[in-house]
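Below you'll find the structure, written out as structure tokens, and then a few comments.
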Amino acid sequence: MTSESEDTRDRKRRRGKKRNKMATGSDHGLKRIVWKRIRDTIIADCRKSEVWKILILDPFTTKILSSCCKMSDLMSEKITIVEDLYKSREPVPEMKAIYFITPTAKCVDAFIADFKPKPKYKAAYVYFTDYCPDDLFNNMKLYCAKYIRVCKEINISFMPQEAQVFTCDNPGAFQSIYSPNSQDKKKTLETLADQLVTLCATLDEYPGVRYKKDSNMENAKSLAELVDTKLARHYELDDSGKKKGKTQAQLLIVERGFDPVSPILHELTYQAMSYDLIDIQNDTYKYKSKDGSEKQALLNEDDMLWIKLRHKHIAEVSELIPKMVKEISASKKQPDGKISISNLAQLMKKMPSFRKQLTEKAVHLQLAEDCMKQFSNHVEKLCKAEQDLAMGSDVEGVKVKDPMRTLLPVLLHPYSTHDKIRAVLLYIFSLNGTTDENLNKLIQHVKIEDEREFILNWKELGVPIITSPSFFSRKPSRRDRSQEQTYNLSRWTPGIKDVMEDAVENKLDTKEWPHQSECPAAWNGSGAVSARQKHKASAQDERRSGSRLIIFVIGGISYSEMRSAYEVTQAVKSCQVIIGSSHILTPTSLLDDIKALSKRPMETFTIEEKGNAYEA
């Protein structure tokens, strides 16, 4: 048995992590911050010895690393092989191994198996994504103490999805939180809270926490309480004797039911439209080139053109890409003409040096073409009805008096069942619920008598679906955007954008958004923050680090909501908005999740769940 002081020392040794200063300038992206954190902890420790090492990852940490660095980055840090913790591996007794793993029983057991009965490696440097429970830590010490050189928790158990977007990489959280048959809701909220704490720790923020009050739903309140308690505990434990005070940040927690419209509408900005209409899996766009060969492209932030185009309206994108291609061809004195995919292929054969530039453009020319095809086929007509239903008024600003007249043409047209369901939902949302009788008629119209869960199950998210004729509920008031320039078929603004702007301007109503914990008085919206920064050199990076607004949506975020975070940051400059959720939604994936809410859990699943509960 180790004495208490030794044990405390162990704990402190594991908690001896470096503070990650807020990255500035071009480093403000979440992926860069995460990679910097990994470099400053895991890699920095290993640099001390000049030996080449093996890196061992579990599926979750594999995703984290591949989201923020390349194999060449690892090679330059003297990591020669990357292995899977769960696969059988050849022993390399002369090499040291770095383990970057999640603190679960499964991972720790796999780690112990590498050193018992016979060690696979010379030594182990262990880094956990998050706090490691005492029983697992003690197990490791019991069997492998003499091989462990370092054991630290580095607080990264979230996925940096984009510069200002993170997820908890857990689409299953939707069922766990909203299914009436769920048996692990509490456990799921606990895990999400732990992941949010690691996000704050990675950003070196101790935010004030607020949540959206809802008379029907308690999840936002529960999660806010959990996060606040865990943050306090984290910063209490974290610094030796010095307690960290609140930083210039706010964390707002809201439920998916707060705005059911945004994830259901057909969006016409490039990224949202692509993920809605084209089958893009794991950010990979697959397409056929003109010679018939299968091609694929990764849509991520390594592609600068994607960053430039992703939030633009498809009309702009369709104009921009051919222009860019023309510029390249003009610079090589190519005869001007209509830019098509086949012209592009010719161009690439003639000019190998321009191949990379053109390949990038070719991908987007093809993707934008695919989106436009869908748009002119059926989406354009749908959009008009959808926008009128969502906005409650038409393009001229005239109030829609009878939403049924807007909906009927959609139901009578041979659109896909999914598209009709989306329109019916927007009709119901616009009325804040409809009568049982009316709903049955709609369901017959769309011919989904056996699949009415697509519509009925929204009640599990606290969204009114069936209401009595006498029932009247007030729709939330929206910001006046009548002066903003928009495309006719893109008039809707996600509800979360109003929240972001109100929060930055310090206009959030405390009755609707109670404080779980107070923010520092200086968090006074854009004016105060930028005024405070005025006397300093007001470089872009300094302004950016003025303050942070972190938004977490329980139940998934849509691409239009992600776009809002960038738009508000762009407009305000003194405050960076970061948005996250358990996962990212597309209209199709959300509808499938909604439908699955009423499924009974399978018997085996229930037993397994109980087994887990006893183990925990």
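The values are calculated or read from the model by the stated rules, or taken from the named source; none is laboratory data. Note that the coordinates shown come from a computational prediction; the quantities given were computed from them, not determined experimentally. Don't worry about glycine lacking a Cβ; one is built from the backbone with ideal geometry, like all the others, and counts go over all protein chains shown. Quick note on the areas: whole protein, heavy atoms, side chains included, nothing else; ligands and nucleic acids left out. Shrake-Rupley method; radii C 1.70, N 1.55, O 1.52, S 1.80 Å.
A few remarks follow.
- Computed over protein heavy atoms with a 1.4 Å probe, the carbon and sulfur contribution to the accessible area of the stretch 25-121 reaches 57%.
- Viscosity 1.306 mPa s, 10 °C: Kirkwood-radius Stokes-Einstein D of the stretch 359-414 over Cα pairs, µm²/s: 121 µm²/s
- For residue 262, distant residues with modelled amide H under 5 Å away: 495
- Cut-off under 5 Å, modelled amide H: who pairs with residue 126 long-range: 99, 149, 150, 151, 152
- Global geometry of the stretch 74-196, whether rounded, prolate or oblate, following the gyration tensor of its Cα atoms and the 1.5 cut on a/c: prolate
- Label sites at residue 89 and residue 284, each approximated as a point 7 angstrom past Cα along Cα to Cβ, lie 2.4 nm apart.
- The stretch 391-489 shape via C-alpha gyration tensor axes, a/c threshold 1.5: oblate
- Additional length obtainable on full extension of the chain from residue 135 to residue 518, 0.36 nm per residue less Cα span: 134.4 nm
- For residue 112 and residue 36, a Förster radius of 25 Å and the Cβ-Cβ distance give a FRET efficiency of 0.20, rounded to the nearest 0.05.
- Computed E for residue 62/residue 571 - FRET, C-beta separation, R0 22 angstrom, nearest 0.05: 0.05
- Label sites at residue 142 and residue 380, each approximated as a point 7 angstrom past Cα along Cα to Cβ, lie 7.0 nm apart.
- The stretch 255-297, accessible surface, carbon-and-sulfur percent (1.4 angstrom probe): 42 percent
- With protein chains left intact and a 1.4 Å probe, residues in the stretch 85-162 average 43 Å² of accessible area per residue.
- Translational D in µm²/s for the stretch 126-180 (Stokes-Einstein at 25 °C, 0.890 mPa s, Kirkwood Rh from C-alpha pairs): 175 µm²/s
- Label sites at residue 326 and residue 213, each approximated as a point 7 angstrom past Cα along Cα to Cβ, lie 5.7 nm apart.
- Of the residues 279, 114, 214, 134, ranked by 1.4 Å probe accessible area with the largest first, the sequence reads 279, 134, 214, 114.
- Share of Cα-Cα pairs in the stretch 168-265 lying beyond 16 Å, as whole percent: 60 percent
- Carbon + sulfur, % of accessible area of the stretch 404-454 - ligands and nucleic acids excluded, 1.4 Å: 48 percent
- J(HN,Hα) series, the stretch 110-118, from Karplus relation 6.51 cos²θ - 1.76 cosθ + 1.60, nearest Hz, glycine and proline x: 5, 5, 4, 4, 6, 10, 10, x, 10
- FRET E, pair residue 600, residue 295, Förster distance 41 Å, beta-carbon r, rounded to 0.05: 0.45
- With θ taken as phi - 60° and the Karplus curve 6.51 cos²θ - 1.76 cosθ + 1.60 applied, the whole-hertz 3J(HN,Hα) list for the stretch 92-100 is 10, x, 8, 9, 8, 10, 9, 10, 10 Hz, x standing for glycine and proline.
- For the stretch 303-310, Karplus couplings with θ = phi - 60° (6.51, -1.76, 1.60), whole Hz, Gly/Pro x: 9, 5, 5, 4, 4, 5, 9, 4
- Fully extending the segment from residue 413 to residue 52, taken as 0.36 nm per residue of separation minus the present Cα-Cα distance, adds 123.5 nm.
- The stretch 293-308 residues near the modelled residue 356 label - backbone nitrogen below 20 Å, point 7 Å along Cα→Cβ: 296-308
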